[in-house]
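Every number here is computed from the coordinates shown, using simple stated rules; none is lab data. As the structure is a computational prediction, the values presented were derived from the model and not from experiment. Cβ atoms come from the backbone with ideal geometry, glycine included; neighbour counts cover every protein chain shown.
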Amino acid sequence: MSKVISLKLLRLLNNLEELKVGSCDLVEAVFDLEGTDDIEEYHGQDSAAIHLKKLTVCHLSRLTDVWKKDSIGFFSFMNLQEIHVMNCGSLKYLFPASVAKGLEELDELEIDSCAQMEEIVSKEEGTPGNTITINFVFTKVTSVFLKYLPELKYFYPGPHTVEWPKLKKIYTIFCGKLEIFTADSINLHETDPEDDQQVAIIQQPMFSIEKVLPNIEALSLDGKDAMRIWNDQYVVDDLFSNLTFLRLQSFDDEQAASNFPYCFIQKIPNLKGLVVKYSSFQEIFPCQRHEAGETHTMTVVQLRRLDLWALPKLEEICKDGFQLHPILEILETLRVWECSALLDLVPSTVSFNYLKKLDVWKCNGMLHLLTSTTAKSLVQLTEMKIRECEIIQEIVFDKEDQGEVEIVLDRLENLELECLPSLINFCGSMNLGFSFPSLEKVIVRQCPKMQVFSCGVSTTPKLQRVKVEKNGYEWYWEGNLNATIEKMSNHMVGDGN
């Protein structure tokens with residue numbers, strides 16, 4: 001079966017609203033509406049509207065056309081609201097221009113992992129050369145997701161304009177050849193020096209900085225596109241007034257040489273979520289000492305979520321002993337994954353008074369996670385997950401040695417310690433006691449050196465068992481955490497594990 005929808009089948013599926021085509025190595029085209037006499041019944045109509053609202057095309061290795069060129073004719077896909085195309089390795093374009101211009105109801109467009117895709121909208125045969133500008137208007141599109149498209153270079157390979165008046169989300173991930181943004185005042189056309197007429201397009205970016213960014217609420221950018229925006233002389237301070245989520249990835253050594261662009265983040269007053277991935281930053285929040293009498297005007301960033309993922313050169317989230325803008329102190333969620341150059345999560349001067357979720361995974365440079373001073377501030381913490389950190393020896397480190405102190409983690413409900421081959425205990429200080437009045441779920445898995453939970457006293461009035469697998473049924477309980485961990489350790493030794 002080389003094609004999925006012929007004209008004859010389309011007539012039988014007239015009321016079809018959702019179509020998913022996937023995991024079939026024979027399919028070369030989804031819509032091929034030519035080569036049949038049944039087209040005669042549509043003659044005399046200006047257009048025939050297809051009722052389809054959602055289209056998903058995935059894992060079709062031989063697919064070359066979603067819409068077969070020159071077969072669509074007067075058929076309209078004006079009712080399509082969602083289009084998702086994923087893992088189609090032979091697909092070089094998505095839409096013929098005639099289809100793209102008729103997508104009046106389109107709300108969401110996603111193209112993911114199509115290794116050979118070069119353009120989103122393709123020229124059709126008979127289209128005039130580069131002297132005619134084609135206009136595309138997507139009046140209802142709110143979300144565009146372009147991910148892992150290494151050959152994508154054009155939205156449309158000719159002179160064109162494109163409008164996105166309702167666009168709220170832009171995610172571009174690993175689209176290295178595509179120009180995403182430009183300022184309206186930049187002339188992208190080449191001219192013939194003899195007749196002074198525009199004859200060619202070098203490469204038109206997909207979005208206008210001035211027209212699109214002020215409406216954007218969620219944005220994901222590779223390093224080159226991010227640098228293009230914040231180095232642009234046309235960028236104004238209120239450009240990101242609606243932006244609440246920002247994801248940045250793929251800053252290479254040269255782009256990350258000057259550390260993370262915190263000054264740019266300060267221009268996003270309503271930012272709630274920040275994700276930084278696959279980059280060479282050595283530091284995230286550069287902190288500068290303020291001289292006496294020096295004043296600084298800065299936007300108060302209301303960041304609630306911070307994800308740091310796959311940053312192999314990250315040595316510090318922020319420096320110790322420097323005046324720190326309280327961006328970390330109002331976080332509610334902190335995830336730090338695969339940051340093995342990081343020796344300390346944060347300096348002891350940092351407090352997490354609002355933090356609810358802490359997740360650390362595959363950070364192989366830390367011996368300790370938190371100082372006792374920072375741990376005291378975790379009054380809102382409900383969930384802590386520490387996993388696959390090879391050399392970590394204890395979670396809370398009594399760096400200050402303040403004498404006998406009880407740390408109360410009043411709201412902690414879920415504690416997971418998994419695959420920590422060097423972990424000796426949660427805390428090794430006899431002077432530090434812990435109270436967990438809300439703790440009900442504890443998982444301790446593959447921590448072979450852990451013989452007691454803590455060297456100090458730990459109280460857990462609601463805890464009734466310690467599980468050894470997240471989704472398993474095996475559990476232990478010996479009346480308290482220390483006795484239970486000791487029992488688990490002895491059981492592992494007895495089993496020879």
- Task: Quickly rank 22-28, 156-162 as a protection proxy: mean count of other C-beta atoms within 10 Å, highest first.
- Result: 156-162, 22-28
- Expected vector for the stretch 459-465, Karplus 3J(HN,Hα) from phi with 6.51, -1.76, 1.60 and θ = phi - 60°, integer Hz, x for Gly and Pro, equals 10, 9, x, 9, 6, 10, 6
- Note on the structure: The alpha-carbon center of the stretch 394-422 and that of the stretch 144-180 are separated, in whole Å, by 46 Å
- Item | Calculated from backbone phi, Karplus (6.51, -1.76, 1.60) coupling profile of the stretch 411-419 in Hz, x at Gly/Pro | 10, 5, 10, 10, 10, 10, 10, 9, 6
- Query: What do the square roots of 5 times the Cα gyration tensor eigenvalues come to for the stretch 330-386, in whole Å, largest first, as semi-axes of the equivalent ellipsoid?
  - Reply: 18, 13, 9
- Would you please give the residues with an amide H less than 5 Å from that of Ser61, counting only those at least 5 places away or on a separate chain, with H modeled from the backbone geometry? Cys24
- Task: Report, by chain and number, residues whose modeled amide H sits under 5 Å from the one on Glu163, excluding near sequence neighbours (fewer than 5 apart, same chain).
- Result: Phe136, Val137, Phe138
- Separation in nanometres of the label points that stand 7 Å from Cα toward Cβ, at Glu210 and Ile391: 5.3 nm
- Note on the structure: Spelling it out for Ser422: with amide H atoms placed in the peptide plane at 1.01 Å from N, the residues 5 or more places away or on another chain with amide H under 5 Å from its amide H are Ile392
- Two-decimal Rg/Rh of the stretch 346-497 from alpha-carbon positions, Kirkwood Rh? 0.93
- Euclidean distance of C-alpha centroids, the stretch 337-375 and the stretch 447-497, integer Å: 24 Å
- Task: Obtain the nm distance between the two label points defined at Glu329 and Asn270 by a simple spin-label model: each point lies 7 Å from its Cα along the Cα-to-C-beta direction.
- Result: 2.6 nm
- Can you pick out the pairs among Lys68/Lys177; Lys123/Lys277; Lys211/Lys272; Lys101/Lys272; Lys20/Lys92 whose Cα atoms lie more than 28 Å from each other? Lys123/Lys277; Lys101/Lys272
- Task: Mind giving me the nanometre distance, one decimal, between the label points for Ser90 and Arg465, set 7 Å out from Cα along Cα→Cβ?
- Result: 5.3 nm
- Query: Treating the beta-carbon of each Lys and Arg as +1 and of each Asp and Glu as -1, no other charges, what is the dipole magnitude of the stretch 346-497 about its Cα centre, to the nearest 20 debye?
  - Reply: 360 debye
- Task: Compute the Kirkwood hydrodynamic radius of the stretch 420-487, taking the inverse of the mean of 1/r over all pairs of distinct Cα atoms, and give it in Å to one decimal.
- Result: 12.3 Å
